[in-house]
């Protein structure tokens, strides 16, 4: 198939984007490709198309012409474009009509290199900065300078005192900053900023007068759980709205499980010292979390996660497009039957909030009574 100039432009754009790292290091050995001009027979069959092909390439620098016998097309021997070759980077970019895009890459590369970043390391990481605005890169360089002036510093993201930078900005641009920091030392890759992660915390509700300091709703750093009085029993709830709405019972501490974080909480000694009741959503994730928690904590009883509950409230469930059949080694036979019921009903998910609240409270209160005895209810 003949290569028209528009086709060649697409090929050149693809070449530049595929090889932009090499090109930004000024390594361009030249580039070319055949234009596949019409044969004499093809030119005779489509004389207008053949002439249009020739006109398309007239006056274009870098075109190699050869005389071809187009007698059958009524043109005799005729100079025909057979190949396009380009030997300079400027000409390549111009013919590809990528001037603005290329100039933006060069501008960003030069900004970073002029700021002290190694050229090769910068170009290697082009995917991180090619689409960033100049103000973002300038801010990133100020952050790099802040860390270079404080070698070995370990701080929370909020403590990085650079104008225009907050925790969310640093979270979004951390790979870029770490890459540029490494580049200032002449190496590719990323240099860890030494940022501290906020301490994990657990939110808990207690019966009036039984919580830490007499408070009924507190959030405690996980590392300080040992200072909290042991619970007679723990009720872990997957969703915040359910956690907040439930009444409390003497001796029982309610804990917000925060999804899959529940398993790491259950591993803490404070949690493992008491029997644990778990109430999660009736879906693949809810049962996966339950399985994980039971795999870590030796005394876990689920609430409202049985087949009868699934059947009673399935009319309020919705299809879960991301439902995947998984292995749940920590489930009981009854819980496994609930998963099967969800699958048979069309891979449903039934959120906690779908279960009528008074029914949920009654079921949890009964579980507390059975598990902890009358003094816990």
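Values quoted throughout were computed directly from the atomic coordinates according to the rules given, and no laboratory measurement underlies them. These figures come from a predicted structure and were not determined experimentally. Note that each Cβ is placed from the backbone with ideal geometry, even for glycine, and that neighbours are counted across all protein chains shown.
Miscellaneous remarks
- Against the chain, whose longest principal axis comes from its Cα atoms, helix 99-114 is set at around 60 degrees.
- Fewest-first sequence of 235, 244, 128 by Cβ atoms within 10 Å of each Cβ: 244, 128, 235
- Gap separating the Cα centres of segment 1-37 and segment 302-364, nearest whole Å: 57 Å
- Between the helical axis of 47-57 and the longest alpha-carbon principal axis of the chain there is an angle of about 80 degrees.
- Ordering 36, 31 by the number of other Cβ atoms within 10 Å of each residue's own Cβ, fewest first, gives 36, 31.
- Value in Å of the Kirkwood radius, where segment 101-184 supplies the Cα pairs that are averaged: 13.0 Å
- Contact order normalised by residue count of the chain, Cα under 8 Å, 6+ apart, percent: 10 percent
- With contacts taken as Cα pairs under 8 Å and at least 6 residues apart, segment 43-194 reaches a relative contact order of 18 percent.
- The value given for segment 218-377 is a Kirkwood hydrodynamic radius of 15.9 Å, derived from the mean inverse Cα-Cα separation.
- With both labels modelled 7 Å from their Cα along Cα-to-Cβ, the residue 67 to residue 114 distance reads 5.4 nm.
- In degrees, nearest ten, helix 357-372 long axis to first principal axis of the chain (Cα): 60 degrees
- Computed [θ] at 222 nm, deg cm²/dmol, the chain (DSSP H ≥ 4; -39,500 (n - 2.57); rounded to nearest 500): -13000 deg cm²/dmol
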